[in-house]
Amino acid sequence: MRLPPQRRQLKPKPFLMLCGLPSKIPRTMTKNISPQTYRLRGILKMEKRIMIKTNQNNLIPGTKRRLFVDMDGTLCQWKDCEKYEDLYEPGFFSSMLPNTALVDAIKIIFLQNEIVIYILSAALADSDCAVKEKNMWLDLHLPEVDHDHRIFVSTDIKKYAAVPGGIRPTDILLDDYSKNLHEWSEKAVAVKFLNGVNGTNGTWERCGGFVVHGNKAADKIAQEVTNICVLHNNE
Ligand SMILES: [Mg+2]
C-alpha cells in the first residue's frame, strides 16, 4: 500500500541565508569587517527586527498577552510610613493617591482590548484591611479591572508563582520593585515603573531592563507599555 507523502513543515530560512550569507556571522566579523561593515550591520539589524516580528507568534493560539500591574508605588503613589505597624492601620491602603498618568494609561490599554490586564499586588496576609482596602481603591480608581483579574499575593510568595495557569514567556510585569522584576525576568518580561522615588541606582537599567517613566503623559505611557508587550524579544 502506498502511503501518502508526509507533509514536511517548511522552516523559513534565516534572513542572512536568503542574502547568500552564512546564517551566523562570527563575532570578529561584526567588529572589524572592512568593506562590508555598513551593509552587514544593516542586515544584522534587519534580521533582529525580523526575529522580533516572528516572536509575536510565540503566543498560545487564541490567547492574548497578559499585563500584570503592581499597586504600591506603581498604580498608587509611593507612601512612606514611619513604622511597620502603620501598614496595618485602617485607611492606609484605601487613602493612597493614584499615579494618575499610569492609571489613565492602563484605562487606555484596557479600551484597546488587545492585552488582558491583571492587578498583581503583594498584600500582608495577616492584615484585616489590606486586601479589602486595595479592592476599594481599585473599585474607585480602576473599576475596569474586575475582581476576577485582581491577584493579591502574600509578601513571602514570588509574584510569578501566583499567575493563573502558570506564567507564560509573553507575560509582562509592570512593577516598581527590582526584586520582583529580577525574579519575573527569569521567566517572562519585566518592566520597571519609575515613580520618581525608586530607580536612583540605575541597576535595573544597566542590566538592560525595560523602564517606563511615570512622569510622562498617559497616552505616551500606554504607547510605551503596549510597544513592549507587542515587540519584546524573548530570546
Ligand atoms: Mg510596588
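Each peptide in 69-78, 199-208 receives the mean, over its residues, of other Cβ atoms within 10 Å, and ordering these scores from highest gives 69-78, 199-208.
What number, in percent, do you get for the relative contact order of the stretch 65-128 if the mean sequence gap of Cα pairs under 8 Å and at least 6 apart is divided by its residue count? Reported relative contact order: 54 percent.
Extension gain, Lys220-Leu124: 0.36 nm per intervening residue step, less the Cα-Cα distance, totals 31.3 nm.
Sorted by packing (mean other beta-carbon atoms within 10 Å per residue), highest first, where do 133-141, 171-179 land?
Sorting 133-141, 171-179 by mean packing, highest first, produces 171-179, 133-141.
When the trypsin sites (Lys or Arg not before Pro) in the stretch 77-111 are filtered for DSSP coil states and for at most 15 other beta-carbon atoms within 10 Å of their beta-carbon, the remaining sites are Lys79, Lys83.
What is the local net charge at Cys81, summed over the other residues whose Cβ is closer than 12 Å to its Cβ (Lys, Arg +1; Asp, Glu -1)? With Lys, Arg at +1 and Asp, Glu at -1, the neighbours total -4. Taking a sphere under 12 Å around the Cβ of Glu144 and counting the other residues whose Cβ falls inside, with K and R at +1 and D and E at -1, yields a net charge of -1.
Summing Lys and Arg as +1 and Asp and Glu as -1 over all other residues whose Cβ lies under 15 Å from the Cβ of Val163 gives a net charge of +2.
Which GluC sites (Glu not before Pro) does the stretch 79-118 hold that lie in a coil by DSSP with at most 14 other beta carbons within 10 Å?
In loop regions of the stretch 79-118 (DSSP not H, G, I, E or B), the sparsely surrounded GluC sites (Glu not before Pro) are Glu82, Glu114.
Note: relative contact order over the stretch 114-200, using C-alpha pairs below 8 Å and six or more positions apart, is 24 percent. Anisotropy class assigned to the stretch 81-235 is rounded, per the alpha carbon gyration tensor with a/c under the 1.5 cut-off. For the stretch 159-235, the normalised intensity computed at q = 0.13, 0.15, 0.17, 0.27 Å⁻¹ comes to -0.38, -0.50, -0.65, -1.37 (log10 of I(q)/I(0), Debye sum over alpha carbons, equal scatterers, no solvent). One quarter of the convex hull surface built on the alpha carbon atoms of the stretch 107-152 amounts to 3.2 nm², the projected area averaged over directions. Approximating the spin labels as points 7 Å out from Cα along Cα→Cβ, the Lys179-to-Thr63 distance works out to 2.8 nm. Remark: the Leu97-Arg206 segment gains 36.3 nm on full extension, using 0.36 nm per residue and subtracting the alpha carbon distance. Within the stretch 144-198, all pairs of alpha-carbon atoms sorted by distance into 10 Å bins from zero give the percentages 23, 53, 24, 1.
Read-outs: derived from the displayed coordinates by stated rules, not from any lab. Please read all numbers here as calculations on a predicted model, not as lab measurements. Positions of Cβ are backbone-derived with ideal geometry, glycine not excepted, and every protein chain shown enters the neighbour counts.
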